[in-house]
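Before any comments, here is the structure.
What follows is calculated from the coordinates using simple rules that are stated; it is not laboratory data. Not measured: the values here are computed from a predicted model. All Cβ positions, glycine included, derive from the backbone under ideal geometry; neighbour counts span all protein chains shown.
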Amino acid sequence: MLTTQRLVLALALSAVFASVSAFAETPQEILDGFATQAKTEDPAFQTFDAARGELFFKNTHGNDWSCASCHTENPANAGKHAKTDKPIDPMATSANAERFTDPKKVEKWFKRNCGDVLDRTCTSLEKGDVLTYLMAVK
């Protein structure tokens with residue numbers, strides 16, 4: 001009986017750990033996914049660029065807001081929402097290790113923020129450039 005209970009417990013724990021690892025990713029793995037998408041969108045795609053990502057992050061794009069409007073000019077610092085004053089954890093992966101580890105949250109974040117800043121969805125190139133920049137900030 002005890003052996004059966006241990007086997008059941010071991011199987012249950014294995015399932016939990018497998019499901020956790022299926023959802024937890026590294027920022028690099030998410031970036032690799034954007035690269036795959038970017039190649040689909042543009043077969044000439046070569047690589048993401050942190051400098052281009054920084055410009056995108058700090059500049060406005062037809063609206064009054066930029067990414068930096070809420071996330072600050074230095075994404076290693078905490079920010080706050082421009083309208084609600086809600087605190088926002090740092091965006092740079094060096095300052096916030098949990099940032100960009102959940103693909104669903106990453107997509108939700110880009111969808112909402114690209115809509116606010118651009119009035120459209122971001123391309124995979126734009127997402128990849130911004131993420132490359134945020135991964136480079138120390």
- Query: Could you give me the ³J(HN,Hα) list for region 33-50, computed from phi with Karplus coefficients 6.51, -1.76, 1.60 and θ = phi - 60°, whole Hz, x at Gly and Pro?
  - Reply: x, 5, 5, 4, 5, 4, 5, 5, 6, 8, x, 7, 4, 10, 7, 8, 9, 5
- Query: What are the ³J(HN,Hα) values, in whole Hz, obtained from phi via the Karplus relation 6.51 cos²θ - 1.76 cosθ + 1.60 with θ = phi - 60°, for each residue of region 106-123 in sequence order, with x given for Gly and Pro?
  - Reply: 4, 5, 4, 4, 5, 4, 5, 6, 5, x, 5, 8, 10, 6, 6, 7, 7, 6
- Task: Quick one: order V117, V137, V130 by neighbouring beta-carbon count within 10 Å, fewest to most.
- Result: V137, V117, V130
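Give, rounded to the nearest 20 debye, the magnitude of the charge dipole that region 25-136 has about its Cα centre when Lys and Arg contribute +1 at Cβ and Asp and Glu contribute -1 at Cβ. Intermediate results must be reported in sequence, preceding the final value.
Values: 14 positive and 18 negative charges, 66 e Å.
Here the size comes out at about 320 debye.
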- Reachable lysines, given that their alpha-carbon falls under 19 Å from the alpha-carbon of K86 and they are not under 8 places away in the same chain: K105, K108, K111
- Distance in nm between pseudo-label sites at K104 and N63 (7 Å out along the Cβ direction from Cα): 2.4 nm
- What residues have an amide H closer than 5 Å to that of I88, excluding those fewer than 5 places away on the same chain, when H is modeled at 1.01 Å from N in the peptide plane? G79, K80, H81
- Could you line up D89, D129, D116 from fewest to most neighbouring Cβ atoms inside 10 Å? D89, D116, D129
- Task: Could you go through region 127-138 in sequence order and give the Karplus-derived ³J(HN,Hα) for each residue, using 6.51 cos²θ - 1.76 cosθ + 1.60 with θ = phi - 60°, rounded to whole Hz, and x for Gly and Pro?
- Result: 4, x, 5, 5, 5, 4, 4, 5, 6, 8, 5, 9
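Neighbour counts of other C-beta atoms within 10 Å: give me M135, M91 arranged from fewest to most.
Working: M135 20, M91 27.
Lowest to highest Cβ neighbour count: M135, M91.
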- Task: Would you kindly state how much longer the chain becomes between N96 and N77 on full extension, computed as 0.36 nm times their sequence separation minus their alpha carbon distance, in nm to one decimal?
- Result: 5.9 nm
